[in-house]
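Some notes on the structure that comes next.
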Amino acid sequence: MEESDFYGISGMKETVCLSHITDGVLRDALGEVADQFECSFCQRTSGRSEEPFAVAMDELGSRVWDVVTWLY
Ligand SMILES: [Zn+2]
């Protein structure tokens, strides 16, 4: 089994750039926890010497829930 197959099944290993997140409140919240160096959507990557620019999707999911429950 390929590593990518495992990730597809789990659905929790994907990462996303902060720049894909258009909601300012959500992006600020995620900026504090960004610790990823690659994006599953645009294939962007960076070296470990740079600032992390992406967050894990499970992190995004929990923050979306926090923001939604706070706003409404
Ligand atoms: Zn990206």
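Values in this text are rule-based calculations from the coordinates and carry no lab data. All figures in this text were calculated on a predicted structure; none of them were measured in a lab. Note that each Cβ is placed from the backbone with ideal geometry, even for glycine, and that neighbours are counted across all protein chains shown.
Computed values, structure above
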item	result
Within the range 53-66, tally of residues that are more than 15 Å from the ligand (Cβ to nearest atom) and touching a helix residue (DSSP H, G or I) at 6+ places or on another chain (Cβ under 6 Å)	1
Residue list for the range 38-72, filter: polar (S, T, N, Q) and either over 10 Å from the mean Cα position of the chain (by Cα) or part of a strand (DSSP E or B) (or both)	43, 45, 46, 49, 62, 69
Any pair with Cβ under 9 angstrom, 6 or more apart, that starts in the range 13-27 at a residue that is over 19 Å from residue 68 (Cα atoms) and ends at one that is more than 10 Å from the ligand (Cβ to nearest atom) and among the hydroxyl-bearing types (Ser, Thr, Tyr)	13/7; 14/7
Members of the range 21-52 found to be among the aliphatic types (A, V, I, L, M) and either within 14 Å of the ligand (Cβ to nearest atom) or surrounded by fewer than 16 Cβ atoms within 10 Å (Cβ to Cβ) (or both), listed by number	21, 25, 30, 33, 34
